[in-house]
Amino acid sequence: MRLRPLLFDIHLWLGLVAGAFIAVLAITGSIMAFETELERALHPHRSYVTPKGERLSLAQITAAVQRAYPNDTIGAFVVSDRPDFSYIAGVSRADLYVDPYTGAVLDEVTAPDWLNTIHQLHTHLLLPRRPHDVGGKITSSAAVVLLLMVLSGLYLWWPLKRLRISWRGAASRASWFDIHNITGVLALVVLLALTTTGLVIGFEGMTTRLFYKMTDSQPTPRPSPRVAAVPGAVPIGPDSALVLARAALPGTMPFQLNVPGPTEAYVIRARYPEDRTPGGRSMVVLNPYSGKVLFAEGSRGAPAGARLVILNRAIHTGDVWGIPGKLLVSLASLAALAQVFTGLTMWLKRRQRT
């Protein structure tokens, strides 16, 4: 059997078998590209504040929250370097959005919203991660199929190199064939980047080890987040912890920290200006009694293997290029959805004619 007809059949049946899963990845991926921006746009009342002079310290915000919620204890903070963004104080039953200038609670969120559901659908199909992470394995397999379809589609398109649409009406299989071709070709580079980086994430247990081996580097050992309690000692406050974290990683903006219990260390996440990803890729761990830095690693000075992991994720989400990168990722995801739809349409029309 000649290669071209064989690849055509493989391309077709891969799409039919995995098309639904690819569509799920495409739809959710197009939304997730702007997850942070959508969260703020949909909930401006809790996301944005009007700057009013100096922001309160975390100690002052803690006092204000405890007056409003006397039966709750703050377990974590998320702060912002933007003067018009709210803070988040995490208590046992909710995330509280707080005005950092007044200490007023703007909103409380007691359950994950639909954006979190979209995220979990994209990564795990909303299936339990334990014990076997079936959802993660299915999405990774769908990414493998998508990569094969992109490569086989390029091979099938290459002899024609057709880049125009001759619309002959919705009933014409040829018109859908043209749309299928042009969307695939225009999104080719970004789709290849998305599928390969997605596969690296999906099989990160193996690929992370490979990155370290390729770069002849080793992951930095991390200490336990547990510390020995010191009876009678007063832990340093979260404001002091942020100051120590900035000193440990100069140039970073610490944005998330826990409020440790008696045997817990401070774990503080931070980001450099070039770290566009919302989760940050830098971390400081502090002893809450002595203020001693137990661990500090920034994305700039991380081992080469870790930097490749960071870069891979930033490419996959589009964060590496800022808003233009996110737009490319979102449009390429929609192009993958268009590929599924046009491919299915062509197949149905082909069956109708036989």
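The values are calculated or read from the model by the stated rules, or taken from the named source; none is laboratory data. None of the values given here were measured: they were computed from a predicted structure. Reconstructed Cβ throughout: ideal geometry from the backbone, glycine too, with neighbour counts over all protein chains shown. Note: accessible area is taken over every heavy atom of the protein model, side chains too, but ligands, DNA and RNA are not part of it. Shrake-Rupley method; radii C 1.70, N 1.55, O 1.52, S 1.80 Å.
Numbers for the structure displayed
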{"item": "Size of the chain as Cα extents on the principal axes (Å, biggest first)", "result": "83, 48, 36"}
{"item": "Along each principal axis, Cα extent of segment 277-333, largest first, Å", "result": "50, 22, 14"}
{"item": "Debye, to nearest 20: dipole size of the chain, +1 on Lys, Arg Cβ, -1 on Asp, Glu Cβ", "result": "1600 debye"}
{"item": "Expected 222 nm ellipticity per residue - DSSP helices of 4 or more, -39500 (n - 2.57), all of the chain, to 500", "result": "-17000 deg cm²/dmol"}
{"item": "Exposure ranking of GLU37, GLU54, GLU274, GLU297 by accessible area [1.4 Å probe, largest first]", "result": "GLU54, GLU274, GLU37, GLU297"}
{"item": "Rounded to the nearest 10 Å², the accessible area of VAL17 at probe 1.4 Å", "result": "110 Å²"}
{"item": "Amide H within-cut-off set for LEU106, under 5 Å, with H built and near neighbours excluded", "result": "TYR97, VAL98, ASP99"}
{"item": "Amide H contacts of PHE255 (H built 1.01 Å from N, under 5 Å, at least 5 apart or other chain)", "result": "ARG269, ALA270, ARG271"}
{"item": "For a label point 7 Å along the Cα-to-beta-carbon line of ARG40, residues of segment 252-285 with backbone N under 14 Å", "result": "276-279"}
{"item": "Separation of the LEU331 and SER141 label points, Cα + 7 Å toward Cβ, nm", "result": "3.4 nm"}
{"item": "Given LYS292/LYS326; LYS137/LYS213; LYS326/LYS349; LYS161/LYS213, the pairs whose alpha carbons are separated by over 32 Å", "result": "LYS292/LYS326; LYS326/LYS349; LYS161/LYS213"}
{"item": "Inter-probe distance in nm under a simple model that places probes 7 Å from Cα toward Cβ, at ALA247 and ARG129", "result": "3.5 nm"}
{"item": "Accessible-area ranking of TRP176, TRP158, largest first, probe 1.4 Å", "result": "TRP158, TRP176"}
{"item": "Sum of side-chain charges, SER166 neighbourhood, beta-carbon under 14 Å (Lys, Arg +1; Asp, Glu -1)", "result": "+3"}
{"item": "Calculated over segment 179-281: convex hull of Cα atoms, volume per residue (Å³)", "result": "173 Å³"}
{"item": "Column: log10 I(q)/I(0), Debye, Cα scatterers of segment 155-230, q = 0.24, 0.25, 0.28 Å⁻¹", "result": "-1.08, -1.11, -1.21"}
{"item": "Residue-span extension gain [TRP114 to LYS349] - 0.36 nm each, minus C-alpha spacing", "result": "81.0 nm"}
{"item": "Rounded to whole Hz, the Karplus (6.51, -1.76, 1.60) HN-Hα couplings of segment 99-116, x for glycine and proline", "result": "6, x, 9, 10, x, 6, 7, 7, 6, 10, 10, 9, 8, x, 8, 5, 5, 5"}
{"item": "Solvent accessible area, Å² - VAL134, 1.4 Å probe, full protein context", "result": "80 Å²"}
{"item": "Solvent-accessible ranking of PHE77, PHE341, largest area first, probe 1.4 Å", "result": "PHE341, PHE77"}
{"item": "Length gained when the stretch ARG93-ALA59 is fully extended (0.36 nm per residue, less Cα-Cα span)", "result": "10.2 nm"}
{"item": "Computed P(r) (all Cα pairs; segment 216-354; 10 Å bins; percent)", "result": "11, 29, 23, 15, 10, 7, 4, 1, 0"}
